[in-house]
Amino acid sequence: MPAELSLTVNGEPRRTAPGSSIADLVASLGLDPRKVAVEHNGEIAPRSTLAKVRLGDGDVLEIVHFVGGGHL
Amino acid sequence: MTDTSAKTGSSDTWTVAGRTFRSRLIVGTGKYRDFEENAAAVEASGAQIVTVAVRRVNVSDPSAPMLTDFIDPKKITYLPNTAGCFTAEEAIRTLRLAREAGGWDLVKLEVLGEARTLYPDMRETLKACEVLAKEGFAPMVYCVDDPIAARQLEEAGAVAIMPLGAPIGSGLGIQNKVTIRLIVEGANVPVLVDAGVGTASDAAVAMELGCDGVLMNTAIAEAKDPIRMARAMKLAVEAGRDAYLAGRMATRRYADPSSPLAGLI
């Protein structure tokens, strides 16, 4: 097992400890999990499962929230 | 005598996908100077629904202020939109994330065809609408002002039809009153003019045509005094609605005196 996992979070490279869950990552970024949604390798990661899903090397995550917007 | 007053004021509501609202004005939350001004404009508009966009969190500055800190999603209904999506696939992906982030199935679908006109791509829009409806979403759909497209959207599961009055952000007003009226007459779901409103009279025109509501963003956000314009839009939507319910007089080709002609001295 590598000493660190390489991830892509919102298009940027990021490293995390092996065994980390998605919830650990969200917390380490200083984000409130109740205010964001996570896509993990192209699939929605339901909020209830964030603490259960372990991250793997090379995983791609999108973390989104709501911002002001009307049309484009 | 029927009680027409019962249809106006606080008892005049509209319902979309089982949710009932008093305000017929939906406002966007883009283009404002800051969150404070945005929140004040929403308050002045009386809107009960705001549209919001779904975007990546800024992972390098997670403490940056968030919209939810200024506009309380418990008091104001957030309507996640797919602004910036040019394919059905992108729009569906965005709204799946929105549902996960907020738990809302009432969403606004818009799939744009090109950057120059920001006209909707109806083929992709219809495709996305069908998929979303099957997945349990209640899509309110931005579309061309075409009564046939509107009917097809309704068949595809749209819970509201939202034709453009003029191109997004143009402020040109309702360009084709005939098609908007035809859509209103043919629809079994709420119809809201979405895009094109520039000033208060445009909003009133949309409501006088029988629309259930109006959605706008730029007309308020880019006014010199957005908060005053928000209030103007609230009043215009109410005035237009009342005028529609009141039933306007017939037009005549020539003058018709309002005072009796008998007894002239």
Worksheet entry | Exposed-loop-free span, longest in chain B, where trypsin sites (Lys or Arg not before Pro) count as exposed if DSSP calls them loop and at most 12 other C-beta atoms lie within 10 Å | B:117-223
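Report, in listed order, any pair from B:Lys75/B:Lys234; B:Lys31/B:Lys74; B:Lys31/B:Lys224; B:Lys177/B:Lys224 with a Cα-Cα distance greater than 20 Å. Intermediate values should be presented prior to the final figure.
Details: B:Lys75/B:Lys234 18 Å; B:Lys31/B:Lys74 23 Å; B:Lys31/B:Lys224 13 Å; B:Lys177/B:Lys224 28 Å.
Beyond 20 Å: B:Lys31/B:Lys74; B:Lys177/B:Lys224.
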Worksheet, complete the sentence: In Å², rounded to a whole number, the accessible area per residue of segment B:18-123 with probe 1.4 Å is 44
Worksheet item: How big a patch of accessible area, both sides summed and in Å² to the nearest 100, lies buried between A and B at a 1.4 Å probe?
Response: 2900
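As an exercise, identify the GluC sites (Glu not before Pro) in segment B:60-137 lying in DSSP coil whose Cβ has no more than 15 other Cβ atoms within 10 Å.
On the way: sites: B:Glu89, B:Glu90, B:Glu100, B:Glu110, B:Glu114, B:Glu124, B:Glu130, B:Glu135; in loops: B:Glu110, B:Glu114, B:Glu135.
Hits after loop and neighbour filter: B:Glu114, B:Glu135.
Roughly how big is segment B:20-105's charge dipole about its Cα centre, with Cβ charges of +1 (Lys, Arg) and -1 (Asp, Glu), in debye to the nearest 20? It would help to have the intermediate numbers written out before the result.
On the way: 11 positive and 11 negative charges, 56 e Å.
Rounded to the nearest 20 debye, it is 280 debye.
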Discussion item. If you take every DSSP beta bridge fully contained in the protein assembly as shown, what fraction is antiparallel? Give it as a percent rounded to 5.
Written reply: 45
Worksheet entry | Beta bridge orientation in chain B: antiparallel %, DSSP, nearest 5 | 15
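Using a probe radius of 1.4 Å on heavy atoms only, what accessible surface per residue do you get for segment B:169-265? Whole Å² is fine. Write down the numbers at each step before the final one.
Working: 5610 Å² over 97 residues.
For segment B:169-265, the per-residue accessible area is 58 Å².
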Discussion item. Report for segment B:100-203 the percent antiparallel among DSSP-assigned beta bridges with both residues inside it, nearest 5.
Written reply: 10
Worksheet item: Which of the trypsin sites (Lys or Arg not before Pro) found in segment A:21-62 are loop residues per DSSP with 15 or fewer other Cβ atoms within 10 Å of their Cβ?
Response: A:Lys52
Fill in: Convex hull volume per residue in cubic angstrom - Cα atoms of the protein assembly as shown
161
Worksheet item: Once the dipole of segment B:16-97 is set up with Lys and Arg at +1 and Asp and Glu at -1 on Cβ about the Cα centre, which of B:Phe21, B:Ile49, B:Pro73 lies farthest towards its positive end?
Response: B:Phe21
Worksheet entry | segment B:34-161 - charge dipole about Cα centre, Lys and Arg +1 at Cβ, Asp and Glu -1, debye rounded to 20 | 320
Worksheet, complete the sentence: Of the candidates A:His40, B:Tyr254, B:Val205, the farthest towards the positive dipole end of the protein assembly as shown (Lys/Arg Cβ +1, Asp/Glu Cβ -1, centred on the Cα centre) is B:Tyr254
Practice prompt. Let me have the 222 nm mean residue ellipticity of chain B computed from DSSP H runs of 4+ only, each contributing -39500 (n - 2.57), with the sum over all residues rounded to the nearest 500.
Written response: -10500 deg cm²/dmol
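The values are calculated or read from the model by the stated rules, or taken from the named source; none is laboratory data. Small disclaimer: the values here were computed from a predicted structure and weren't measured. Cβ coordinates were reconstructed from backbone atoms using ideal geometry, including for glycine residues, and neighbour counts include every protein chain displayed. These accessible areas exclude ligands, DNA and RNA; they are computed on the full protein's heavy atoms, side chains included. Shrake-Rupley method; radii C 1.70, N 1.55, O 1.52, S 1.80 Å.
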